[in-house]
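To keep things clear, I will list the structure first and then write my remarks on it.
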Amino acid sequence: MKKALISPQEKCLEGYRVAWVNNEEIPHALPLFWVNCLDDVVQDQYWYDPSDEQIKLIPVSSEPTPEA
Amino acid sequence: MATTSIGAPGVTFPDSSVQTVAFDIASTGTKLTVYEGPSPQSVAWTKPATLKGVHVRVYASGGNGGSTSPVPNSSVFGGGGGGGGSSVGWFPGPSIPGPQTITLGAPGSPSSFGTLISATAGATPGNNSNVGGAGGVGSGGQFFFTGVAGTTGSGPTQGGGGYGSFMCVDTIFTVLTPAPNQRAAGSPNPNISGGGTGASNKNAGGGPAAGGSGGKSIIILEEFY
């Protein structure tokens, strides 16, 4: 199981940013904190929901980019 | 009138203070160490017994530019990576609990001076997302600076990387414009804590194009004795 570093100062959707995913916890200053996460979690592509303490996928649109 | 005099018991200053031994920079002074690349890198730091305090500046790396993968009959221009955040702090020696791990994060990863002070990297946009990544932030110190968000990828150019928080260096630069039916990788950012540019994919088949790497992180440590 991997570890996700959560950054409460950085809002993401209805929760916080997943700032890093690593195999082990490395010391960081508060208010950053670590939670366990699944192996397929990727930083900045998931967000942390404090209401249920779960990590969730950020919806990404694959719509074509508009041409200028 | 008060004057400075030399003689027993030593050098006597106008305010009546006396210096009895020669100034020794080796035992009473400062030590400056700059930690930079390669990253990721972890370095153990042990608190010296005579330490009076440290001044630490942490500049996190920039986010990587957004990547793209082929979407049939469409064009995708990835967003730029966000600029890295930074944090500056002063910590008296007695308040430092003991050894600290200095972590220099790779592009897109946070950096820290142990549990005392940290900064997050700029965000990396998701695959096929043209939205630029947000800037990173600092925590644990007394002064914090947020990196600038990467710009939106929008045809015919890729998204540009965000400004890093390191000395307000301008880290947005001109990006390549791919020709029709071509794809182009993003450009790495050569500047500290700047965001990488996004990749682009203009009606092209084949494999994905990667975003450019964010600028590196750096930690400046001043020790006072």
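Values quoted throughout were computed directly from the atomic coordinates according to the rules given, and no laboratory measurement underlies them. None of these values were measured; they are calculated from a predicted model. Note: ideal-geometry Cβ built from the backbone for every residue, glycine included; neighbour counts use all protein chains shown.
Below is a table of values for the structure above.
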{"quantity": "Nitroxide proxy distance, nm - points 7 Å out along Cα→Cβ at B:V21 and A:K56", "calculated": "6.3"}
{"quantity": "Eligible lysines near B:K52 by straight Cα distance, threshold 17 Å, same-chain separation 8 or greater", "calculated": "B:K31"}
{"quantity": "Partners for A:K56 among lysines (Cα-Cα distance below 19 Å; same-chain residues under 8 apart left out)", "calculated": "A:K2, A:K3, A:K11"}
{"quantity": "Residues of region B:125-141 with amide N under 19 Å of a point placed 7 Å along Cα→Cβ from A:K11", "calculated": "B:132-139"}
{"quantity": "Efficiency of FRET between B:Q41 and A:L30 - r from beta-carbon atoms, R0 22 angstrom, step 0.05", "calculated": "0.45"}
{"quantity": "Gyration tensor (alpha-carbon) shape descriptor, region A:2-57, a/c threshold 1.5", "calculated": "oblate"}
{"quantity": "Sites B:T4 and B:A49, calculated FRET efficiency, Cβ-Cβ separation with R0 25 Å, nearest 0.05", "calculated": "0.15"}
{"quantity": "J(HN,Hα) series, region B:55-70, from Karplus relation 6.51 cos²θ - 1.76 cosθ + 1.60, nearest Hz, glycine and proline x", "calculated": "10, 10, 10, 10, 10, 6, 6, x, x, 6, x, x, 9, 9, 10, x"}
